[in-house]
Every structure is written in structure tokens, then in C-alpha cells.
């Protein structure tokens, strides 16, 4: 009987720890993965810097609200946050400041956007839901230690969600979650292309003779 109670207690503790780990890994926010998302880490043994172009950090999305007034929704913050987090799972060390490395990094990742659009048409001010689409199209580039481009990839993300409007307000509800989901999807695509690149896997093996990295991955903002 006592043995059964101890087993149940251990199971409860393990379940609690598992839940805590999920919250911590999602930045103190319980994140439910959307269909098609990728939670995998690749941890290629490279130390790299992440360079986000102003088209990413200052990204905006233009649309018209339910009163047909032009509006601008900021997208740079969620894009930057998720890119830093997800690229940090592609390599063992990722930093946004090259000077913070004690030794020259193995390379750099550059991300720039060529297209940011929100497709949303609200014909009249009423209590109704409408479909909105956020699209991000960009270029990913990895440069080696000498600055030569080793890997380039173009990618596009289109995420659809329902947004809500009502006749008492011009506000469109649900845009924040839509932009957040689109930013995450784009960032996870960047991570996957980096983590599964045969070119970068070969480069990591080539660089394996350098001084060993500290155990475990690290990301410095």
C-alpha cells in the first residue's frame, strides 16, 4: 500500500515538473503549438551571430478597420522575439552582438523581409467575423567566418485567422494573435531550413576542429 502511494507521488511530481518545463521553454507563457508548427531543436555545433534587418525589426502591416480608416499594426516585436528564440534552437550558440563572443564566431545568420501584407476586407461595420491573412516573405542567408555566403533561402508564410468586429467600435479584434502566429510560423521555418541544411551540417563538421563550445546551447539577446 505504501509502495503504491510512493509511486503515485513520484508520478505526480514528474507530471508537475513536465508542465513547469513547458511553461519555462515558452518564455513563461504556455504555448499551444499550431498545426504545422515545429518545436524541434537542431543544435548544430556552431557559434553564430543573428542579424535582423530593419525590414524585420521595424516591420508593419497596413489594413483598414471596420470604419474604413487606414491603420498600421506593428509586427517587428513578435517577429524579432520569435526569430531570436527559434534560431537559438538551430545552433549551439546564437548571439545578436558579435562582440560578446570571446573568439570570432563561426558565422552569421541574416534575415530580411521583402514582403509584409495583411489581407482583410470589412465591407461594413457590423457584428461579424471575417478572415484575415498575414503574409511574410523574406530571405535567409548564412555567411561563414570570412563573410562569404554559404547558404541562401527564400521563404514565405501565409497564416489565416478569423477576426471579430462589432457595430459599436472600429476596432478589429484578433489581430494580435494572428500576427503572433504568423511571426512564429515564419521563425520556425527559418529555424528548420537552417537546422536541416546539408551545407551547414558539412560546415559544422569542418569547424569541429576549433575550440569546443561550452556544453548546452545558449542564446544571448
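In nm, to one decimal, how far is the modelled label at residue 205 from the one at residue 53, with both set 7 Å along Cα→Cβ?
3.2
Using DSSP, restrict attention to beta bridges with both residues in segment 38-220 and report what percent are antiparallel, rounded to the nearest 5.
Details: 34 of 46 bridges.
Given both bridge residues lie in segment 38-220, the antiparallel proportion sits at roughly 75 percent.
Any idea how far apart residue 43 and residue 196 come out in nm if each label point goes 7 Å out from Cα toward Cβ?
The answer from the label model is 2.0 nm.
Once each part is reduced to its C-alpha centroid, what is the distance from segment 40-89 to segment 99-176 in angstrom?
First find each Cα centre; the distance between them is then 6 Å.
Note down the nm distance, to one decimal, between modelled labels 7 Å out along Cα→Cβ at residue 112 and at residue 125.
Roughly 4.2 nm, to one decimal.
Mind giving me the FRET efficiency for residue 97 and residue 177? R0 is 30 Å, r the Cβ-Cβ distance, nearest 0.05 is fine.
0.45
Quick note: the coordinates plus some simple rules give every number you see, no bench work behind them. Since the model is a prediction, treat every value here as computed from it, not as a measurement. Using ideal geometry, Cβ is built from the backbone for each residue, glycine included, and neighbour counts are taken over all protein chains shown.
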